[in-house]
Amino acid sequence: MIPFLIGITGGSASGKTYLSNKIVKHFGPEKITIIQMDSYYKDLKHLPMKEREKNNFDHPNAFDFKLLNNHLRTLFSEEKIDLPVYDYKTHTRMLEIKKICITPIILIEGIFALYDKQLRNLMHLKVFIDTPDIIRQQRRIDRDKRNRARDLDSILNQYKKTVAPMFKEYINPMKDIADLVISENQKKDAYINKLFKYINSNL
């Protein structure tokens, strides 16, 4: 079974998870599986904590694309994989794993979902969420305060030094190769409905 593979990308806090969850809610979890790129952050347990914290987590080199591509091939042939579980606080992979089984549709969601050419070539549909920087920054602040116990200064410092420049250099250019661009404006629901119809026609 080769599922219909969809890549969903955009800047940090652009609404990728929100869109992915809307798709699952609309079609049902029995038909769609989400694989988050964050699960494939490289394991930094071999480094001291101070060295881990210096890593640029918004650069493509922070991700293990080889493992993700291998997992997809395994999923297509054996119909299940052991998905890594990433710990943002320690920048390591946890001992626990998440069992993923094949479904008719697979969503690859993350800031570099469309970056790797080998991964991109497997996709049937590439989606880019275009959200203004000021909205993404505020969402990032709210999220990191709430979920990652970080203070405002560290969040803004990271956003200025790595998040914003990496978006400009690596992520925003992916908009030009996307099949569908969803903008954060009054037409967003129309684009989402268009996406739903496209997915439905391939189920």
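Coordinate-derived values only; no laboratory data. Source: prediction; values computed, not measured. Every residue, glycine among them, receives a Cβ derived from its backbone with ideal geometry; neighbour counts consider all protein chains shown.
Summary table below
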item: For the range 32-123: lysine pairs under 24 Å (alpha-carbon distance), excluding those fewer than 8 apart on one chain; result: 26
item: Projected-area average for the range 98-203 over all orientations - Cα convex hull basis, square nanometres; result: 8.6 nm²
item: Charge-dipole axis of the range 4-200 as Lys and Arg at +1 and Asp and Glu at -1 on Cβ define it, positive-most pick from L122, N21, G110; result: N21
item: Principal axis box of the range 1-87, alpha-carbon based, largest edge first, Å; result: 43, 31, 18
item: The chain: calculated mean residue ellipticity at 222 nm from DSSP helix runs of at least 4, using -39500 (n - 2.57); result: -10000 deg cm²/dmol
item: Rounded to 5, the percent of DSSP beta bridges in the chain classed as antiparallel; result: 30 percent
item: Contour excess over end-to-end distance, with Cα ends at F76 and K194 and 0.36 nm allotted per residue; result: 39.8 nm
item: Cβ charges +1 (Lys, Arg) and -1 (Asp, Glu), total dipole of the range 4-200, debye; result: 240 debye
item: Proximal lysines to K194, defined as alpha-carbon separation beneath 25 angstrom and excluding residues fewer than eight positions away on the same chain; result: K16, K22, K25, K31, K126, K175
item: Efficiency of FRET from Cβ geometry, D133 and Y18, R₀ 25 Å, rounded to 0.05; result: 0.90
item: Dipole of the range 116-188 [Lys/Arg +1, Asp/Glu -1 at C-beta], most positive-end residue of S154, Q137, N172; result: S154
item: Spacing of the two label points (7 Å from each Cα toward its C-beta) at E51 and L67, in nm; result: 1.8 nm
item: Coarse-grained scattering of the chain at q = 0.10, 0.12, 0.15, 0.19 Å⁻¹, given as base-10 log I(q)/I(0) from a Debye sum over alpha-carbon atoms; result: -0.42, -0.62, -0.99, -1.54
